[in-house]
Structures are given as C-alpha cells and as structure tokens.
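To start, the structure under review is shown below, and the notes come after it.
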Amino acid sequence: QVQLVESGGGLVQPRGSLRLSCEASRSRFSIAIMGWYRQAPGKQRELVARITSGGYTNYADSVKGRFTISRDNAKNTVYLQMNNLAPEDTADYYCKQDLPWGQDYWGQGTQVTVSS
C-alpha cells in the first residue's frame, strides 16, 4: 500500500503563490507517473498537471504558464508550484500516483483557497 501525503495548501490572495508537496511512502516513486488533480465544490475532479518518470510534463490549459510540476525522486516527492493564483483555482488538490502495471493511489487532498 502506498501512502501519499499532500501539504502546502492554505489561504492565499489573488495573484499570490503556493507550493504544494506530495510525499510518497514507497520506493516505487521513481517509476511512477505523478499527477496533481483538483476538485472545486460542485465540480468534477480534473487533471491539473502530470509528470512522467522521465520528467515529461503536461498541464491543463487553465494553468499553463502559471503552474509548474516537478519531482524529486530522491525524496519521493512531487511538487506543484502555483503562481498568479486566481479565485477559480480554489479547490481541493489531490496527488495521484500511477504505476506501470495499472495500480494507482490517491492522497487525501489539501485545500487551496484563493480569496482577498
């Protein structure tokens, strides 16, 4: 069983920044695709950004140019740097790990609120 623990959420003003972290409990981290998803109240969960084991990234159109996903395999941690935040970025943010043989795991989520 893999545990994913997110941190770094909170309340931030519009145009502010936050960095989310997600630490995985197992050593399979380096071969996994890691992703950040978010779910706003009343909406479906959506992909925000994803990074492969080789470092390739993709982003939702709504966050391109503002968010950056990165990973540190030595620390079993994936990050989401969020800049120029807007109220519409308010959501619960979840970390997900996809392993090559089809298993996937979710973190418990961290709340991000963008408000003045």
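The values are calculated or read from the model by the stated rules, or taken from the named source; none is laboratory data. Keep in mind that this is a model prediction, so the values were computed, not measured. Ideal geometry is used to build each Cβ from the backbone, glycine not excepted, and the neighbour counts take in all protein chains shown.
Filter the range 1-23 down to the residues that are touching a Phe, Trp or Tyr at 6+ places or on another chain (Cβ under 8 Å) and among the aliphatic types (A, V, I, L, M), then identify the one that is modelled with the lowest pLDDT. Among those residues, the one meeting the criterion is 2. Of the residues making up the range 16-52, those that are farther than 15 Å from residue 76 by Cα and either β-branched (Val, Ile, Thr) or in contact with a helix residue (DSSP H, G or I) (Cβ under 6 Å, 6 or more places away or on another chain) (or both) number 1.
Only residues that are touching a Gly at 6+ places or on another chain (Cβ under 9 Å) and not polar (S, T, N, Q): list them for the range 1-22, please.
Taking the range 1-22 as the starting set, the residues that turn out to be touching a Gly at 6+ places or on another chain (Cβ under 9 Å) are 3-6, 9, 18-22.
Listed by number, the residues that qualify are 4, 5, 6, 9, 18, 19, 20, 22.
The condition of being in contact with a Leu (Cβ under 8 Å, 6 or more places away or on another chain) and basic (Lys, Arg) holds for only one of 19, 71, 38, that being 19. The set of residues in the range 4-25 being hydrophobic (A, V, I, L, M, F, W, C) and either in a helix (DSSP H, G or I) or surrounded by fewer than 18 Cβ atoms within 10 Å (Cβ to Cβ) (or both) consists of 5, 11.
For the range 24-34, the candidate set comprises residues that are over 14 Å from residue 1 (Cα atoms) and not small (Gly, Ala, Ser); within that set, the residue that is nearest to the chain's Cα centre (by Cα) is 34.
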